[in-house]
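Here's the structure we're looking at; comments come further down.
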Amino acid sequence: MNLYLRYFDNETLVSNVDDAVSFLKSIPEIGMTPELEADVRDYVGSEVFYPKRYKVRPRVYFIIIKTEAATMMDFKQKKALRIPANEGDHREAVPPTVARLSEKREGWYEASLLFKRVVLIPATGKHEYRDTQFVANVKALSGQDAYNRIVDHLRERVDNRSQFPSAKGKNFKFRYLGMWK
């Protein structure tokens, strides 16, 4: 596993985390701290294969990408793209959220929704958005059905300017509790 690092025009492909840290230390604008070094080491040691972006200052970042490419030319020509998990891989294949949402399992679901609710401030007479957590046990046919039932229920009871997140986003969570009787 190699690491591709880039900060503006400065880029490198290294084979270990120590070389990556020394590359980052060679760029004075980054200001390598022990906390940043520990975070880079944690990222490299983790099972995460998504690129990692670190903030240097407002709107300025450097990135680290884990790659199978042996040379910079291979990386630039995308010859070492990551292949999906296979039998030899130790990580479990996590079903995508969309697949879990539409999976038909009749029964009870515990669903949690974090949405932006419009509320009136009595002192000023103005309205504002407030993050509101709503949790309910719902009798549904799937995760998507549980989401639809909760949103339909809330639309009848809150200000119509309230904003509801997507069922596919991080602000909606659900858990199958079991079959109804």
Restricting to region 24-47, name every residue that is free of Cβ contacts under 8 Å to residues at least 12 places away in the same chain, part of a loop (DSSP other than H, G, I, E, B) and surrounded by fewer than 14 Cβ atoms within 10 Å (Cβ to Cβ). 26, 33, 46
Do we have residue 4 as surrounded by 11 or more Cβ atoms within 10 Å (Cβ to Cβ), touching a residue at least 40 places away in the same chain (Cβ under 8 Å) and among the hydroxyl-bearing types (Ser, Thr, Tyr) here? yes
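Going by what's in this entry, would residue 50 be described as aromatic (Phe, Trp, Tyr), under 25 Å from residue 21 (Cβ atoms) and either at pLDDT 90 or above or touching a strand residue (DSSP E or B) at 6+ places or on another chain (Cβ under 7 Å) (or both)? Write out each step before concluding.
Working: aromatic (Phe, Trp, Tyr): yes; under 25 Å from residue 21 (Cβ atoms): yes; either at pLDDT 90 or above or touching a strand residue (DSSP E or B) at 6+ places or on another chain (Cβ under 7 Å) (or both): no.
Taking the combined requirement at face value, the residue does not satisfy it.
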Check every one of the strands (runs of 3 or more DSSP E) wholly within region 91-181 and list those with 3 or more residues that are open to solvent by less than 70 Å² (accessible area, probe 1.4 Å) and free of Cβ contacts under 8 Å to residues at least 60 places away in the same chain. 107-121, 126-140
Which numbered condition residue 59 misses (of (1) closer than 25 Å to residue 165 by Cα; (2) at pLDDT 85 or above): (1)
Only one of 17, 21, 60 is surrounded by 11 or more Cβ atoms within 10 Å (Cβ to Cβ), farther than 19 Å from residue 2 by Cβ and among the hydrophobic types (A, V, I, L, M, F, W, C), namely 60
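The values are calculated or read from the model by the stated rules, or taken from the named source; none is laboratory data. Model, not experiment: these values are computed from the prediction. Methodologically, a virtual Cβ is constructed for each residue, glycine included, from the backbone with ideal geometry; neighbour enumeration extends over all protein chains shown. We work out accessible area using only protein heavy atoms, side chains counted, and drop any ligands, DNA or RNA first. Shrake-Rupley method; radii C 1.70, N 1.55, O 1.52, S 1.80 Å.
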